Amino acid sequence: MTRAAPARPAERPPEPRCLLTINGGSSSLKFATYALDPAAPLVAGRIERIGLSSPLFTRARAGGAEEQQPVAAADHMGALQALTAWLDEQDLLPAIAAAAHRVVHGGPRYSEPQRITPSLLDELRTLSAYAPEHLPAEIQLIEELGRRCPEVPQFACFDTAFHRHMPRVARMLAIPRRYDAQGIERYGFHGLSYSYLTEELARLGPPGAAQARVILAHLGNGASLAAVRDGRSIDTSMGFTPAAGLPMSTRSGDLDPGLVWYLEQHEHLTAAEFHRMVNHESGLAGISETSSDMRDLLALENTDTRAAEAIMLFCYQTKKWMGAFAAALGGLDTIVFSGGIGEHCPSIRRRICDGLGFLGVELDEARNTDNAPVISTIAARVTVRVIRTDEELMMARSVARLLESDASGHTG
């Protein structure tokens, strides 16, 4: 009797074509895949503690449970290799139609997402001195994905692009004019977040809400504000680098430039040591001497004066910038809180808004405590909103528009 051949294992159906987004931080890599008409992510995850002890790879499919595993990620290249290997195991790698990268700095030239070419990569290498904490790792991610998936078109989504049309007076720095010719000016960052929030405000708010006078507050590990009128940035708190503006988790925010000379003379601090101090040893961590995480500081503030002062300074400086931006806007119609702190810390929002009643800001305490979408009172002249930001979705939307435009051009 002839024996039947063993049954073949059922083949997994091919995955639908998708967009991949890659958002590289200083020690993390966030990713997501989206349908070509982006909405909620199909798959999303992150690799954390890159270059540190015990890197961890976390991911989940839409509607599925989160999975975690340790991963070898001594640098961003190792993290991307781990990610692409996993995508390949899931049969997702062949489905990628295009990849979008968050690129922190586009310099003076770029105000829109761009397809990545060898010449664009050369420009980004030249710009690395503008953002040494970010650009080298982002370039490494682009190059490694290009080696792994040479047929996949890659796009750069610039975090500075949202602010490129600020008035010249808002971009100028009061230093010798010859530096202006070298591109040394206020650039601003968190542009992907602000682009998303502006689109969401247009979707959620009453007609004209996004065209009104708006302050967007992206408050997280990095923190900044943007003054937006008619849907366009007219000013922002970060400057030539992301270290300027508000005090942040480990960044100083604005400082007296005389500190450079003083610390060099009296502490023998080198330029490299000063750079490390203002980017990695200052902000909430430097003032509190305990933690850079606002949740930790809130838990400690009643027993630790240093934690209380760190919170106080953060809220005071944010409130002060809001007042300045209301003046630049000629009034105020809407405030939007976003980012990890802005979305999840009612007491921080309350402290920032306390004292802004002269502008028409009035919080509803119950709504604020519940993290409601609108946390201002019904009678308040200024609407205060909480909107969860989504840089990855903004990247996917931008690239989907470019792909659609390219297709229309090719077929037209």
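The values are calculated or read from the model by the stated rules, or taken from the named source; none is laboratory data. Computed from a predicted model, the values in this text were never measured in an experiment. Quick reminder, even Gly has a Cβ in these numbers, built from the backbone with ideal geometry, and neighbours come from all protein chains shown. Calculation scope for accessible area: heavy atoms of the full protein, side chains included, ligands and nucleic acids excluded. Shrake-Rupley method; radii C 1.70, N 1.55, O 1.52, S 1.80 Å.
Starting from 0 in steps of 5 Å, tell me what percent of the Cα-Cα pairs of the stretch 342-412 lands in each bin. The distribution over the stretch 342-412 is 3, 16, 19, 14, 9, 7, 9, 7, 7, 6, 4, 0, given as percents. Note on the stretch 139-182: Rg/Rh from Cα positions, Kirkwood definition for Rh, rounded to two decimals, is 1.24.
Heavy-atom accessible area, probed at 1.4 angstrom with all protein chains present, ranks His218, His275 as His275, His218, highest first.
Can you pull the percent of the stretch 85-170's accessible area that's carbon plus sulfur, 1.4 Å probe, other chains left in place?
Details: 1780 of 3470 Å².
That fraction is 51 percent.
Helix-only mean residue ellipticity at 222 nm, the chain, DSSP H runs n ≥ 4 weighted -39,500 (n - 2.57), per residue, nearest 500. What is it?
When only DSSP H runs of four or more count, the value is -11500 deg cm²/dmol.
Viscosity 0.890 mPa s, temperature 25 °C: give me the Stokes-Einstein translational D for the stretch 278-412 in µm²/s, with Rh taken as the Kirkwood radius over C-alpha pairs. Intermediate values should be presented prior to the final figure.
Details: Rh = 17.2 Å.
Approximately 143 µm²/s, per Stokes-Einstein.
Counting only protein heavy atoms and a 1.4 Å probe, tell me what percentage of the stretch 209-312's accessible area is made up of carbon and sulfur. C and S atoms contribute 51 percent here.
Could I get the Rg over Rh figure for the stretch 172-242? Both from C-alpha atoms, Rh via Kirkwood, rounded to two places. Please report the intermediate quantities before stating the final value.
On the way: Rg = 14.1 Å, Rh = 13.2 Å.
Rg/Rh: 1.07.
For Cα extents along the principal axes in Å, the choices are (i) 91, 55, 55; (ii) 68, 62, 43; (iii) 74, 58, 45; which was calculated from the structure? The calculated read-out lines up with (i). Pairs of Cα atoms nearer than 8 Å and 6+ residues apart set the relative contact order; for the stretch 339-412 it is 23 percent.
Relative intensity of the stretch 93-155 on a log10 scale, I(q)/I(0) at q = 0.20, 0.25 Å⁻¹, equals -0.76, -1.13, per a Debye sum over C-alpha point scatterers of equal strength in the absence of solvent. Stokes-Einstein, applied to the Kirkwood radius of the stretch 41-182 over Cα pairs at a viscosity of 1.567 mPa s and 4 °C, places its translational diffusion at 76 µm² s⁻¹.
Among the GluC sites (Glu not before Pro) found in the stretch 39-89, those both in a DSSP coil and sparsely packed, with 12 or fewer other Cβ atoms within 10 Å of their Cβ, are Glu66. Per residue, the average separation of C-alpha pairs within less than 8 Å and at least 6 apart gives the stretch 189-294 a relative contact order of 19 percent. Debye-formula intensities of the stretch 176-217, expressed as log10 I(q)/I(0) at q = 0.15, 0.19, 0.21 Å⁻¹, are -0.52, -0.64, -0.69 (one equal scatterer per alpha-carbon, no solvent).
Would you mind computing the Rg to Rh ratio of the stretch 340-382 from its alpha-carbon coordinates, Kirkwood style for Rh? Result for the stretch 340-382 is an Rg/Rh of 0.94. Largest first and in whole Å, the equivalent-ellipsoid semi-axes of the stretch 65-112 read 27, 16, 10, each the square root of five times a Cα gyration tensor eigenvalue. Evaluated over the Cα positions of the stretch 136-288, the convex hull gives a direction-averaged projected area, one quarter of its surface, of 12.7 nm².
Binning every alpha carbon pair distance of the stretch 202-302 at 10 Å from zero, what are the percents per bin? Taking every Cα pair in the stretch 202-302, the percentages come to 15, 34, 27, 19, 6, 1. Springs between Cα atoms under 10 Å define the GNM used for the chain, and in it the highest mean-square fluctuation of Ala98, Ala32, Ala212 occurs at Ala212. Accessible surface area normalised per residue over the stretch 39-149 is 45 Å², counting heavy atoms of protein chains with a 1.4 Å rolling probe.
Expressed as a whole percentage, what fraction of the accessible surface of the stretch 23-72 belongs to carbon and sulfur atoms when a 1.4 Å probe is rolled over the protein heavy atoms?
On the way: 1340 of 2540 Å².
Whole-percent figure for carbon plus sulfur exposure: 53.
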